[in-house]
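The values are calculated or read from the model by the stated rules, or taken from the named source; none is laboratory data. Please read these numbers as outputs of a predicted model, since none were measured by experiment. Methodologically, a virtual Cβ is constructed for each residue, glycine included, from the backbone with ideal geometry; neighbour enumeration extends over all protein chains shown. Each accessible area value is taken on the protein alone, full model and side chains, heavy atoms only, with ligands, DNA and RNA left out. Shrake-Rupley method; radii C 1.70, N 1.55, O 1.52, S 1.80 Å.
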Amino acid sequence: MGVFFISSLKNTIFAIMNIDYIIVGCGLAGIAFAQTLRKNKKSFVVIDDASQQSSLVAAGMYNPVILKRFSEVWKAQEQLQIALPFYKELEVLLDKKIDYKLRVLRRFATIEEQNMWFQAADNPALEPFLSTSLVDNNNSYINAQLGFGEVLRAGRIDTDILIEEYMAYLQTHDNFIKDTLDYNNLIINENVVSYKNITANHIVFCEGFGLKANPYFNNLPLNGTKGELIKIKAPKLKMEFSLKASVFLIPEGNDVYSVGATYNWEDKTNSPTEEAKDELVSKVKSFLKCDFEVVGQKAGIRPTVKDRRPLVGTHKKYKNIHVLNGLGTRGVMIGPYVAKQLYNNIEKGVSLNPEIDISRFIS
């Protein structure tokens with residue numbers, strides 16, 4: 001299909017003729033779907049106004065185990081099989097390091113937690129992810145008398161670099177529009193979607209919590225959960241692994257560590273709060289025995305769903321309007337999986353996994 005661009009000085013595209021997809025949102029969901037389209041040689045543009053911050057404040061961990069309850073993340077094996085090659089391809093495309101294999105250790109607070117760990121490791125679903133060898137604590141600045149359990153096949157995606165570099169890549173290839181989508185200018189016909197001077201076969205909404213304002217999908221049960229992270233500088237700590245205790249402590253280099261995250265179901269703003277900072281500092285002090293300084297703080301609204309599954313599918317009335325949302329706290333792992341599911345559903349007629357299909361909420 002031919003694509004024709006006319007750009008203004010304000011980076012607004014006046015004319016795009018005959019493209020395959022419009023994607024709204026350039027967080028983890030939007031990037032996963034855009035990259036899926038690119039690999040399949042589909043033409044597209046991404047529209048984003050940077051109003052949603054959940055992907056930017058994500059710690060970026062991919063971890064196949066829910067460490068609070070020692071249970072498996074939903075479809076962890078399948079998600080990792082898709083996600084790890086996906087991020088490797090992005091590293092090559094962007095010529096940037098974004099995937100850091102990171103040792104993840106779970107601090108044991110009680111003997112009971114140790115016993116629960118070994119019981120979980122006997123579960124066939126968790127066996128590939130939980131080491132049965134306890135790790136001794138050799139860091140005098142961490143209070144962990146009972147040692148740690150080690151999570152296998154875990155790591156961290158640098159989401160800040162990923163989003164920044166992928167947006168820059170899209171801009172370089174005329175696939176990006178920095179703008180706020182005006183739903184009133186969206187015209188839905190039987191076979192095409194028109195927006196201002198853009199005409200596409202499909203539109204996919206990857207708006208995060210912004211979906212609440214979307215007139216086509218605002219009936220879906222998307223519950224925004226505010227999360228806040230702080231960054232601390234702890235020169236004495238010298239910790240090279242990710243530590244899960246009452247909070248996650250993740251090394252970022254130069255003696256800086258991310259600490260998170262909080263959960264607030266009432267506040268729907270992206271503004272950092274003193275209450276969250278105090279909560280995170282207090283929790284860090286409960287197991288860290290060295291001085292540290294808070295050097296940064298971020299906040300964002302996670303797009304969470306009541307049944308803890310993503311929102312993926314097609315509008316009941318308009319068959320060329322789709323949604324890819326509700327990635328929650330594990331967007332790094334699940335994003336490539338759900339993007340592939342939606343693409344195969346639209347382009348190949350493959351049924352969605354019923355656990356993520358929005359039809360589960362539509363009578």
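Identify the single condition in (1) free of Cβ contacts under 8 Å to residues at least 60 places away in the same chain; (2) in contact with a Gly (Cβ under 7 Å, 6 or more places away or on another chain) that Gly208 does not satisfy, given that it satisfies every other one.
Every listed condition holds for Gly208 apart from (1).
Quick one: would you say Ser43 is modelled with pLDDT of 95 or more, open to solvent by less than 30 Å² (accessible area, probe 1.4 Å) and on the phi < 0 side of the Ramachandran plot?
Criteria met by Ser43.
Out of the range 117-134, which residues are in contact with a strand residue (DSSP E or B) (Cβ under 8 Å, 6 or more places away or on another chain), under 12 Å from Leu152 (Cβ atoms), surrounded by 12 or more Cβ atoms within 10 Å (Cβ to Cβ) and of a type outside the set (Phe, Trp, Tyr)?
Ala121, Leu126, Leu130, Ser131, listed by residue number.
Do we find a residue being under 30 Å from Ile334 (Cβ atoms), free of Cβ contacts under 8 Å to residues at least 40 places away in the same chain and either among the hydrophobic types (A, V, I, L, M, F, W, C) or open to solvent by less than 30 Å² (accessible area, probe 1.4 Å) (or both) anywhere in the range 136-149?
No, that holds for no residue.
Run Asp291 past the list (1) under 23 Å from Ala34 (Cα atoms); (2) at pLDDT 95 or above and report the number of the one that doesn't hold.
In the conditions (1) under 23 Å from Ala34 (Cα atoms); (2) at pLDDT 95 or above, Asp291 misses (1) alone.
Taking the stated definitions as given, is Leu324 touching a Pro at 6+ places or on another chain (Cβ under 9 Å) and outside any loop (DSSP other than H, G, I, E, B)?
yes
With the requirement that a residue be of a type in the set (A, V, I, L, M, F, W, C), within 27 Å of Leu90 (Cα to Cα) and open to solvent by 40 Å² or more (accessible area, probe 1.4 Å), what does the range 335-363 give you?
Within the range 335-363, Val350 is the sole residue that qualifies.
Of these, Lys96, Lys88, which one is part of a loop (DSSP other than H, G, I, E, B) and either open to solvent by 10 Å² or more (accessible area, probe 1.4 Å) or under 17 Å from Tyr166 (Cβ atoms) (or both)?
Unique residue meeting the criteria: Lys96.
If you scan the range 99-118, which residues turn out to be more than 20 Å from Phe287 (Cα to Cα) and not in a strand (DSSP E or B)?
First, the residues of the range 99-118 that are more than 20 Å from Phe287 (Cα to Cα): 99-102, 115-116, 118.
Within the range 99-118, Leu102, Asn115, Met116, Phe118 meet the criteria.
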